[in-house]
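Each reported figure results from applying straightforward, stated rules to the coordinates on display, with no laboratory input. Treat the numbers as computed from the prediction; the structure is a model and nothing was measured. Cβ atoms come from the backbone with ideal geometry, glycine included; neighbour counts cover every protein chain shown.
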Amino acid sequence: MKSLITIITGFILFSSCSTNDPSQEEWTNLFNGKDLSGWIIKTSKHPAGENYNNTVRVENGTLQMAYDEYTDFDGEFTHLFTEEKYSYYKLVVEYRFVGEQVTGGPGWAIRNSGAMIHAQSAASMSVDQPFPTSIEVQYLGGLGNGDRPTGNLCTPGTNVEMYEELFTQHCTNSDSKTYDGDQWVTVETIAHGHEQIWHIIEGDTVITYTHPQLDERDPLYADMLNYYGTKDIFEGHIALQGESSPVEFRSVKLLNLKGCMDPKAKNYKSYYIKEDNSLCKY
């Protein structure tokens, strides 16, 4: 009898612990702190999957883009892609710049990195393609001699709308503070598919825009139209960027805002904003 009571009690405790709380946020660590599981490397001039000059590495619990094995930089821009695609989500990244830019890196790339969102896949890039078609949340570090905001918007092969008008300028500065030195900076990106995107630096919203779309002027427009299936961009991969300046990431986590929105389901979440009831579990 005592054993039976123990079993029943354990079952009740397990059931109570495993009950879904619809309001409890379930974040995913895209970077696990140990290795590159779930990521694909693509460096310009090299095939997807090749880690040229050991550019991307994990050391001391941080994800690093490093250039100590380069003698000279010659346009080998690196992007580290998620294997999965995302559309509605919150992405939080902590980054910092460390050390000096490698010899040969372009002037604009000093203390310059970013997260490419709604990006094409690593496999779909040509060997020599320097940047993926995407929306870039630009990460910059201060140069110690004036203002240099971070969380800016850049648009390789794309356009967005701002103030209800098509915005075709390639890069647009945010109104963030400047972060000099090797301090850690927290960037949150909120993406609502094709509807709206927000860049948030240390809790402050610094830029927002709507309707990401392919740029008809871009040489890859026809290929990307075939890839995405539409001029409007609703989803894509996330890619961290290495542009010749050493950069570290100690946290890369994502909260999916798309999922089961049936309150009767076991995995219903009240914070979802985009329905995909094919994921519901009953």
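Approximating the spin labels as points 7 Å out from Cα along Cα→Cβ, the ASP175-to-ASN145 distance works out to 2.8 nm.
As a rough footprinting exposure proxy, the listed residues THR168, THR133 were ranked by other beta carbons within 10 Å of their own, and the order from fewest upward is THR168, THR133.
Exposure proxy ranking for CYS171, CYS154, based on other Cβ atoms within 10 angstrom of each Cβ and starting from the fewest, stands as CYS171, CYS154.
Rg then Dmax, both in Å and based on the Cα atoms of segment 76-217: 14.9, 42. About its Cα centre, segment 146-191 has a charge dipole of approximately 140 debye under the convention of +1 per Lys or Arg Cβ and -1 per Asp or Glu Cβ, with nothing else charged. For LYS90, a cut-off of 19 angstrom between C-alpha atoms picks up these lysines, skipping any fewer than 8 places away in its own chain: LYS253, LYS258, LYS269, LYS274.
Report, in debye and to the nearest 20, how large the dipole of segment 23-279 comes out about its Cα centre when Lys and Arg carry +1 and Asp and Glu carry -1 on their Cβ. That gives segment 23-279 a dipole magnitude of about 640 debye.
A straight Cα-to-Cα reach below 17 Å connects LYS177 with the aspartates and glutamates GLU94, ASP147, GLU188, GLU202, ASP204, residues fewer than 8 places away in its own chain not being considered. Extending 7 Å from Cα along the Cβ direction at GLU94 and again at ALA123 yields two label points whose distance is 3.4 nm. Between the listed residues CYS154, SER37, LEU220, the Cα displaced farthest toward the positive end of the dipole of the chain, a dipole computed from Cβ unit charges relative to the Cα centre, is found at SER37. Counting only DSSP H runs of at least 4 residues, each contributing -39500 (n - 2.57), and dividing by the residue count of the chain, the helix-based mean residue ellipticity at 222 nm comes to -2500 deg cm²/dmol.
Of VAL206, VAL93, the sequence from fewest to most neighbouring Cβ atoms within 10 angstrom is VAL206, VAL93. Working from label points 7 Å from Cα in the Cα-to-Cβ sense, the THR210 to ASP72 distance is 5.0 nm. Restricting attention to the chain, close to 95% of DSSP beta bridges with both partner residues there are antiparallel. Where Rh is the Kirkwood radius over the Cα pairs of the chain, the temperature 25 °C and the viscosity 0.890 mPa s, what D in µm²/s does Stokes-Einstein return? Translational D for this selection: 122 µm²/s. In terms of overall dimensions, the C-alpha atoms belonging to segment 189-282 reach 47, 35, 21 Å along their principal axes, ordered largest to smallest. For segment 51-118, the Cβ-based charge dipole about the Cα centre amounts to some 380 debye (Lys, Arg positive; Asp, Glu negative; other atoms uncharged).
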